[in-house]
Amino acid sequence: MANQKLAMVIDAPTCLDCKGCLAACKVANNVPDGKWRNWIKGADPERRASSPVVFQPGNCMQCDKPTCVEACPTGATYKNQADGTVVINRTLCIGCGQCLAACPYGARFKNTDLGVADKCDFCAERRKFGLEPACVSTCPTKSRKFGDLNDANSEVAKLLKANRAVRVANEQTRTDPNIYYLGEPGPTNWTVQARMPEAFDFWRRLADPVVKAVVGLSGLGVLAMLGKQLAMPKDAPPADGGAHEEAGHE
Amino acid sequence: MNKRMILRHTKGGIFIHWFNAACWFILLFTGLGLIQNPQLQPLGQWYPNALRAVFGGGGLLIIHLAVAVTWLLVWLVFIIANWSSHVVPFLAQVFTLKPGRDMEWMIKKNLQMTLGYKAMAFFMKPLGLGAKIPDQEYYNAGQKVAAQVMLLGALVLAVTGAIMLRGKYFMTAPLADIAWVQWAITIHYIAAGVTFGILLVHIFMAAIAKEERPAFWSMFSGEVPEEYARHHHKLWYDEVAIKTSDQ
Ligand code: HEM
């Protein structure tokens with residue numbers, strides 16, 4: 001099977017802000033109380049005055065250059081090459097939360113029931129059974145559309161071909177998201193920037209070279225001692241006032 | 001008289017040393033394999049990839065955590081059970097350095113181990129120092145410093161490890177403490193790296209250096225030849241000799 005590039009195309013003007021997608025997602029994915037894998041951003045106040053009011057539904061953008069993956073120390077979070085989604089291997093996640101800050105969209109949260117990071121995976125469980133993501137299935141106005149951009153016959157591919165679509169992204173953090181919006185989805189400049197945790201930055205900038213230097217120097221010392229042992233197998237204290245010989249010790 | 005043996009390590013001490021060493025090896029190999037981020041992995045991605053092919057990613061984490069918890073529990077029991085017989089004397093020994101004598105020992109021993117006695121004597125002459133390496137106690141200055149680093153490293157690793165474990169399995173407050181967990185990871189790595197640097201020297205001295213061979217065997221049998229004790233740990237030897245001649 002050829003690699004997929006799963007994506008969403010969201011027809012923003014048809015979103016009613018009914019929050020059906022939020023509820024369906026929560027049920028389908030067992031999302032803990034107070035946490036959400038998806039959202040609907042309200043229109044900005046300026047535009048609210050003028051009609052029509054437009055909403056901006058969203059969820060993890062399954063970015064092609066995911067900053068969350070960059071921040072994960074264990075490789076628990078990775079870009080699934082088979083379908084293009086950004087996924088979490090829960091058995092490897094140590095719950096450090098570095099990916100949370102690294103996602104400009106705030107698409108991740110800590111699942112405190114499981115002790116691991118959690119996020120939208122385009123409903124991987126449902127897709128196994130040939131179903132669409134819960135938010136897509138449930139959307140009463142079919143504002144959310146889902147499919148494979150690598151398949152030219154898919155609905156999403158056709159929509160993108162026929163329409164002008166925009167993506168919502170932060171200027172500084174170009175993550176190459178995979179959610180496209182049709183219509184005027186409101187502000188497309190996402191204001192939050194991806195942030196690498198201080199401890200992570202300290203590790204890659206300082207701790208990494210320092211540890212390498214310590215181990216390297218120590219290794220060199222050991223090699224020097226080994227070389228000397230091989231080169232001078234008979235090395236012994238000089239007879240006069242020898243290093244270990246004590247006078248009067250017979 | 002040369003073939004007489006002196007007790008150096010008790011059975012308990014030998015057990016905890018090898019138990020500890022085995023745990024450290026497993027923890028080091030699995031722990032390094034848990035780092036799979038090209039910006040952080042010091043050996044390159046082949047290492048975590050290879051380990052994951054064998055144990056599975058989750059398996060690696062489970063082994064690491066299981067061995068770490070076992071290590072900590074066995075140590076706690078050992079420390080409590082042997083507090084006054086082993087632990088206090090060991091700490092007292094390991095943390096008493098005599099600056100003048102031990103500095104001189106460090107410089108001379110390092111030169112002698114890398115360049116030989118002659119070169120060491122040559123470099124010491126202008127300093128007005130003889131070629132004699134200062135007599136040492138039960139542990140020599142190098143062993144003491146190594147033990148200090150290993151103890152401190154173990155303590156830091158245990159504490160940061162516990163913080164991470166708590167972050168994953170016990171943290172219910174959403175994110176308030178997450179920076180602690182993140183710093184714990186970074187510090188865990190530094191402690192493991194620095195201790196590993198010292199361990200390279202420790203293992204060379206113990207297992208490969210010819211002159212310390214009797215000490216290596218003593219980590220199995222518990223005993224060293226009197227001759228070795230007299231040459232390498234003179235101050236300890238004198239103490240033991242006085243004690244035995246008193247009896
Ligand atoms: C192949 C691995 C190792 C070998 C062959 C080895 C060997 C030895 C030997 C022979 C001694 C006794 C020295 C003496 O009696 O004077 C010793 C002491 C000691 N070992 Fe190890 N060891 C190994 C690994 C480790 C590890 C992994 C640790 C800790 C993380 C460790 C910590 C210590 C400590 C703290 C001492 C006390 C004295 C000192 O600091 O040298 N050893 N080791």
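Remarks
- For the pair region A:173-223 / region B:198-247, the C-alpha centres are spaced 49 Å from each other.
- Multiplying each eigenvalue of the alpha-carbon gyration tensor of region B:7-82 by 5 and taking the square root yields semi-axes of 31, 13, 10 Å, largest first, rounded to whole angstroms.
- Using the alpha-carbon positions of region A:197-240, Rg (one decimal) and Dmax (whole number) come out as 18.5, 61 Å.
- Among the listed pairs A:Lys35/A:Lys142; A:Lys228/B:Lys109; B:Lys108/B:Lys234; A:Lys119/A:Lys145; A:Lys212/B:Lys98; A:Lys79/A:Lys119, those with a Cα-Cα distance over 22 Å are A:Lys35/A:Lys142; A:Lys212/B:Lys98.
- For chain B, built as a Gaussian network whose Cα springs stay under 10 Å, the top-fluctuating residue of B:Leu51, B:Leu129, B:Leu28: B:Leu129
- Antiparallel DSSP beta bridges within the protein assembly as shown, percent to nearest 5: 80
- Derived scalar couplings between HN and Hα for region A:55-71 equal 10, 10, x, x, 5, 3, 8, 6, 4, 7, 10, x, 5, 5, 5, 4, 8 Hz in order, rounded to whole Hz, by the Karplus curve 6.51 cos²θ - 1.76 cosθ + 1.60 (θ = phi - 60°), x for Gly and Pro.
- Legend: helices of chain B (whole DSSP H runs) are marked when their alpha-carbon atoms reach 20 angstrom or more along the helix axis and their mean Kyte-Doolittle hydropathy is at least 0.5; marked are B:11-34, B:57-81, B:141-165, B:178-203.
- Per-selection Rg to Rh, region A:107-193 - Cα, Kirkwood hydrodynamic radius: 1.00
- Sites A:Thr91 and B:Leu43 - FRET efficiency at Förster radius 22 Å, r taken between beta-carbons, to 0.05: 0.50
- Nonlocal amide H pairs with A:Val54, under 5 Å, H built at 1.01 Å: A:Ala43
- Working from label points 7 Å from Cα in the Cα-to-Cβ sense, the A:Val192 to B:Ile107 distance is 5.9 nm.
- Among B:Thr114, B:Thr30, B:Thr195, the largest mean-square fluctuation in a Gaussian network model of chain B (Cα springs under 10 Å) belongs to B:Thr114.
- Within a Gaussian network of chain A (alpha carbon springs, distance under 10 Å), most fluctuating of A:Gln56, A:Gln172, A:Gln193: A:Gln172
- Long-range HN-HN contacts of A:Asn111 with modeled amide H, under 5 Å: A:Val116, A:Ala117, A:Asp118
- Ordered by the count of other Cβ atoms within 10 Å of each Cβ, fewest first, B:Arg213, B:Arg8 give B:Arg213, B:Arg8.
- Neighbour counts of other Cβ atoms within 10 Å put B:Leu157, A:Leu206 in the fewest-to-most order A:Leu206, B:Leu157.
- GluC sites (Glu not before Pro) restricted to DSSP loop in region B:112-218 with at most 13 other C-beta within 10 Å: none
- Membrane-span-like helices in chain A, defined here as complete DSSP H runs extending at least 18 Å along the helix axis by their C-alpha atoms with mean Kyte-Doolittle hydropathy no lower than 1.0, are A:208-231; this is a sequence and geometry rule, not a statement about a membrane.
- In chain A, the DSSP-assigned H stretches of four residues or longer account for a calculated mean residue ellipticity at 222 nm of -7500 deg cm²/dmol, using -39500 (n - 2.57) per stretch and the full residue count as denominator.
- Cα-projected label distance for A:Phe129 with A:Lys19, points at 7 Å along beta-carbon direction, nm: 2.6
- DSSP bridge orientation in region A:6-195 - percent antiparallel, rounded to nearest 5: 75
- Computed from label points 7 Å out along Cα-Cβ, the spacing between A:Asp113 and A:Ala224 is 5.9 nm.
- With the convex hull drawn over the C-alpha atoms of chain A, the volume per residue is 235 Å³.
- Using just its DSSP H runs of length 4 or more, each adding -39500 (n - 2.57), chain B gives a mean residue ellipticity at 222 nm of -23000 deg cm²/dmol after division by all residues.
- Solvent-free Debye scattering, log10 I(q)/I(0), computed from the Cα coordinates of the protein assembly as shown at q = 0.07 Å⁻¹: -0.55
- Between the beta carbons of B:Leu151 and B:Val54, assuming R0 = 30 Å, the FRET efficiency works out to 0.40 to the nearest 0.05.
- Within region B:49-157, the chymotrypsin sites (Phe, Trp or Tyr not before Pro) that combine a DSSP coil assignment with at most 11 other C-beta atoms in a 10 angstrom radius are B:Phe95.
- Chymotrypsin sites (Phe, Trp or Tyr not before Pro) restricted to region A:106-173 and DSSP loop, no more than 16 other C-beta within 10 Å: A:Phe129
- Each of B:Ser84, B:Ser221 has some number of other Cβ atoms within 10 Å of its Cβ, and from fewest to most they run B:Ser84, B:Ser221.
- Computed FRET value (nearest 0.05) for B:Gln93 with B:Ala207, which takes r as the C-beta separation and R₀ as 25 Å: 0.70
- Per residue of peptide A:65-73, the mean number of Cβ atoms on other chains within 10 Å of the residue Cβ is 2.
- Residues whose amide H falls under 5 Å from that of A:Lys5, counting only those 5 or more places apart or on a different chain, are A:Leu149, A:Asn150, A:Asp151, with hydrogens built in the peptide plane.
- Isotropically averaged projected area of chain B, using the convex hull of Cα atoms (one quarter of hull area), nm²: 17.7
Each value in this text was obtained by applying a stated rule to the coordinates, not by laboratory testing. In this text, all values refer to a predicted model and were calculated from it rather than measured experimentally. We place every Cβ from the backbone using ideal geometry, glycine too, and count neighbours over all the protein chains shown.
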